[in-house]
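Please read the structure below before turning to the comments.
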Amino acid sequence: MCPAATIRKRVKSETSTAISCYHGDIHDGPVGAYITMDANFTFVADQLARAYFFLQGNRVQIFSIRRSNTPSSIMLLAVQRCLILFHIGTCTRSNVPRRHPSTELACSKIASSTSSPRTGYASVFTIEGPPPNRQDVNNYCLSRYAPIVHSLGWVHSTCILQDKHLLCVTSSVGRGGGADPSTVYTTGLAQFESEAAGVGAVTRRDDMAERASREVELHEVDVTALKLLVDYAYTGGILITEDNVQVLLPASSLLQIHSVREACCEFLMKQLHPSNCLGIRTFADAHACEELHKRSHKYALQNFQEVMNTEEFLLLPFSEVEELISNNQLNIASEEKVFLAVLNWVKHCVEDRVQYIAKLLSHVRLPLMSRDFLMSTVDTELLVRESPECKELLLEAMKYHLLPEQRSVLVSERTSLRRPEGIKNYVFAIGGGSLFAIHSECEVYNPRADRWFAIAPMNCRRSRSGVTGLGRMLYVVGGYDGASDLATAECYNPQLNKWAPITSMGTKRSCLGICSFDGLVYACGGYDGASCLNSLERYDPLTGVWSSCPAMNTRRRYCRVAVVDNCIYALGGYDSTNYQNSVERLDPREGRWTNMPNMASRRSSCGVATVDSILYCIGGNDGTMCMASGERFDVRKNTWEAIAPMHSRRSTHEVVNYEESLIALGGNDGSSSLNSVECFDIAQNKWSIVASMMTRRSSVGASLLECFNLELLVGPIQSAPRAIV
């Protein structure tokens with residue numbers, strides 16, 4: 001039972017007469033319990049009388065500060081009733097100004113430990129009477145809870161003792177006059193019980209040997225920490241710094257001063273840094289600080305790329321290194337970083353740690369590394385070559401690279417991307433054009449915040465390009481730069497907010513269709529500057545190589561492609577003569593295209609997305625106008641059906657799937673480029689307007705991509721104003 005609950009139970013059962021009009025409650029506070037009052041002071045007075053009895057005072061002054069001019073006679077009457085109940089002396093009252101010198105000490109103490117107002121009404125209550133019998137006091141202390149109470153409601157009160165001390169702390173002194181931090185003695189009056197007072201310095205119970213001792217020896221308690229904690233018990237305040245937090249936390253844990261312990265943990269949470277998070281995690285584990293341990297461990301996972309280069313990481317035992325690198329929430333730019341971290345840790349003390357190399361490498365996802373790194377770094381490492389288990393892991397990774405068609409059946413933990421906690425989906429709008437301008441600028445939409453912000457521009461201007469996300473990278477392929485159609489391609493790394501060129505395609509392509517599947521990027525159809533294309537090629541990011549695939553049955557410019565149930569669908573487009581409503585499908589395992597049921601409408605430059613095995617085709621141009629209508633294909637029923645139209649007509653736009661809804665962005669309405677964005681609620685079959693892009697973009701490329709803390713990585717956010725509908 002918590003301290004406040006214990007006090008509440010005992011006080012209400014023992015003093016029902018004195019608190020018959022009480023309408024407040026008891027809570028836990030920094031010193032002990034405090035009272036929240038509704039309408040009267042009876043319970044506060046009861047506790048102050050108890051404090052007087054507990055402290056054996058001949059004369060105790062009680063300072064009351066009220067928010068309003070509530071009659072202090074109510075307080076006086078309540079105190080007098082308690083004095084009668086406890087057979088303690090008499091009480092007199094005098095009203096004083098709020099700023100009277102005699103109340104200065106009380107006011108400062110109250111203000112420092114409560115939310116007392118700086119202005120109000122003050123009264124002084126003086127309790128006088130003969131001191132109780134010492135044995136009665138000891139018995140009372142052992143059988144009752146007597147916290148000094150601070151009321152946080154209508155009245156704020158404290159007891160000021162003259163020449164009295166609750167607790168006296170001394171330390172043993174050696175020959176040199178220095179304090180021995182391992183031995184501390186407490187003397188004085190009967191101490192607070194730890195539950196009631198919240199101090200917990202000494203717990204006095206009938207069944208403990210220390211009950212009859214005047215001095216109790218405390219081991220492994222730092223003297224400086226104990227002094228700060230005793231000061232905290234009197235003042236309600238303590239200053240936690242980098243210099244004292246490591247002694248305050250264990251001392252407050254030992255003495256069960258939970259408020260200080262929690263404050264120390266919060267202080268350390270704010271100090272987390274890649275250079276110290278592992279040390280703080282170990283410190284938290286040693287002192288059973290679960291939340292601090294959880295937060296520091298999470299910080300280490302999220303900042304592993306910096307943590308792996310610290311001395312703390314190199315000094316970790318094997319079990320903790322394994323715990324880190326095996327975690328699926330490890331946040332890294334590539335698995336190459338994890339391999340290098342393992343190698344550096346083993347080589348730090350190679351004689352003792354070489355035995356762990358195979359076990360650690362089994363948690364490194366070698367199949368996801370680039371082929372160049374596998375051949376030039378992993379395969380040439382002596383520690384790997386000398387271990388049969390490591391060689392098997394390397395062969396597994398090479399097989400994954402050499403057989404891209406079989407990657408869907410070579411699935412294991414080592415072929416899956418890690419998923420750091422906090423990773424979120426974002427919608428990327430890339431390039432495009434407006435009027436006579438072609439853009440290299442890019443922007444990103446956060447659907448959770450309904451806002452757009454800019455990221456780094458591409459290395460060259462592109463419209464009519466293909467954009468797709470694969471892994472944690474964004475790929476932009478082909479397009480048109482205002483002068484010629486392009487075969488070049490580049491990828492965006494959101495952790496670095498940078499674009500980098502990748503291998504160019506074998507064919508120039510603009511107005512192409514693009515998708516990603518089984519770790520490969522597929523570029524389909526398009527226009528090479530002379531004719532419409534039906535060719536297909538794919539890019540393997542692990543090898544950096546483009547390779548040809550079976551061509552489509554129909555030439556398609558401004559076609560769109562999507563993946564449904566492990567097959568690639570190509571929809572609509574323009575074949576240089578006709579606008580198409582035809583659909584065909586490629587099963588990469590069979591290596592051939594199959595014609596599928598036609599759409600209800602001819603659609604070129606439409607938007608396409610997949611949700612739960614349903615293929616959506618929205619907008620586009622039928623040869624006469626831009627369209628707002630949409631339709632969807634159920635691959636199991638093999639039929640098309642209409643859906644609700646968009647608010648705006650759109651072609652050369654993009655549609656992406658975000659958490660079981662569709663987002664349509666940009667494009668052209670037949671007269672101008674658009675920056676408007678719409679979201680389709682599949683369950684309600686309804687479109688709604690969301691925040692517009694910062695730039696008008698027709699022939700735009702777009703894709704969904706998982707990112708971690710993207711807003712923090714790209715710098716200050718430039719938000720676009722919300723569209724007015």
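Brief remarks on what is shown
- Some residue of segment 674-683 being touching a Cys at 6+ places or on another chain (Cβ under 9 Å), in contact (Cβ under 8 Å) with a residue 24 or more places away in the chain and assigned by TED's automatic domain parsing to the domain that holds MET625: no
- Residues in segment 342-396 that are surrounded by 17 or more Cβ atoms within 10 Å (Cβ to Cβ), among the small types (Gly, Ala, Ser) and farther than 17 Å from SER326 by Cα: SER370, SER387.
- None of ALA530, ALA523 is out of contact with any helix residue (DSSP H, G or I) (no Cβ under 7 Å at 6 or more places or on another chain), buried (at least 23 other Cβ atoms within 10 Å of the Cβ) and of a type outside the set (Phe, Trp, Tyr) except ALA523.
- Top-ranked residue in segment 531-578 [being free of Cβ contacts under 8 Å to residues at least 24 places away in the same chain and hydroxyl-bearing (Ser, Thr, Tyr); ranked as farthest from ARG371 (Cα to Cα)]: THR577
- Evaluation of ALA609 against (1) at pLDDT 95 or above; (2) more than 15 Å from LEU571 (Cβ to Cβ); (3) small (Gly, Ala, Ser); (4) within 38 Å of the chain's Cα centre (by Cα) (one fails), failing number: (2)
- Within segment 577-615, the set of residues being under 24 Å from SER699 (Cα atoms) and exposed (fewer than 13 other Cβ atoms within 10 Å of the Cβ) comprises just one member, THR577.
- The set of residues in segment 579-595 being in contact (Cβ under 8 Å) with a residue 40 or more places away in the chain and either among the aliphatic types (A, V, I, L, M) or not in a strand (DSSP E or B) (or both) consists of VAL583, LEU586, PRO588, ARG589, GLY591.
One line per residue, one yes/no per condition, for (1) of a type in the set (S, T, N, Q); (2) surrounded by fewer than 18 Cβ atoms within 10 Å (Cβ to Cβ); (3) without any contact (Cβ under 8 Å) to a residue 12 or more places away in the chain:
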| site | (1), (2), (3) |
| --- | --- |
| PHE436 | no, yes, yes |
| HIS439 | no, no, no |
| TRP452 | no, no, no |
| GLY466 | no, no, no |
| GLY469 | no, no, no |
| VAL476 | no, no, no |
| GLY482 | no, yes, no |
| THR488 | yes, no, no |
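- Output for segment 641-689, where each listed residue is of a type in the set (Val, Ile, Thr) and crowded, with 20+ Cβ neighbours inside 10 Å: THR652, VAL655, VAL656, ILE663, VAL677
- Segment 286-300, subset surrounded by 21 or more Cβ atoms within 10 Å (Cβ to Cβ) and under 14 Å from ALA263 (Cα atoms), residue nearest to the chain's Cα centre (by Cα): LEU292
Matching residues to (1) within 17 Å of ALA286 (Cα to Cα); (2) buried (at least 16 other Cβ atoms within 10 Å of the Cβ); (3) touching a His at 6+ places or on another chain (Cβ under 6 Å); (4) without any contact (Cβ under 8 Å) to a residue 12 or more places away in the chain:
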{"residue": "ALA225", "(1), (2), (3), (4)": "no, yes, no, no"}
{"residue": "VAL230", "(1), (2), (3), (4)": "no, yes, no, no"}
{"residue": "LEU239", "(1), (2), (3), (4)": "no, no, no, yes"}
{"residue": "VAL245", "(1), (2), (3), (4)": "yes, yes, no, no"}
{"residue": "LEU248", "(1), (2), (3), (4)": "yes, yes, no, no"}
{"residue": "LEU268", "(1), (2), (3), (4)": "yes, yes, no, no"}
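- The lone criterion from (1) over 21 Å from LEU712 (Cβ atoms); (2) in contact (Cβ under 8 Å) with a residue 60 or more places away in the chain left unmet by PRO501 is number (2).
- Identity of the residue in segment 352-385, within 36 Å of the chain's Cα centre (by Cα) and not in a helix (DSSP H, G or I), that ends up nearest to ALA341 (Cα to Cα): VAL364
- Once segment 504-535 is narrowed to residues that are outside any strand (DSSP E or B) and either closer than 20 Å to PHE428 by Cα or among the polar types (S, T, N, Q) (or both), the residue that is modelled with the lowest pLDDT is GLY519.
- Matching residues in segment 515-545 - criterion: being of a type in the set (A, V, I, L, M), under 18 Å from ASP481 (Cα atoms) and in contact with a Ser or Thr (Cβ under 7 Å, 6 or more places away or on another chain): none
- Under the condition of being closer than 18 Å to LEU470 by Cβ and part of a loop (DSSP other than H, G, I, E, B), the residues counted in segment 331-345 number 3.
Quick grid of which residues meet (1) over 25 Å from GLN302 (Cα atoms); (2) in contact with a Ser or Thr (Cβ under 8 Å, 6 or more places away or on another chain); (3) without any contact (Cβ under 8 Å) to a residue 12 or more places away in the chain:
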| site | (1), (2), (3) |
| --- | --- |
| ALA358 | no, yes, no |
| PHE373 | no, no, no |
| THR380 | yes, no, yes |
| LEU383 | yes, no, no |
| GLU392 | yes, no, yes |
| LEU403 | yes, no, yes |
| GLN406 | yes, no, yes |
| LEU417 | no, no, no |
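- Breaking point among (1) at pLDDT 95 or above; (2) part of a loop (DSSP other than H, G, I, E, B), for HIS297: (2)
- Residues within segment 448-488 that are of a type in the set (Phe, Trp, Tyr) and under 25 Å from ILE689 (Cα atoms), tallied: 2
The values are calculated or read from the model by the stated rules, or taken from the named source; none is laboratory data. Not measured: the values here are computed from a predicted model. So basically every Cβ, Gly included, is an ideal-geometry build from the backbone, and we count neighbours across all protein chains shown.
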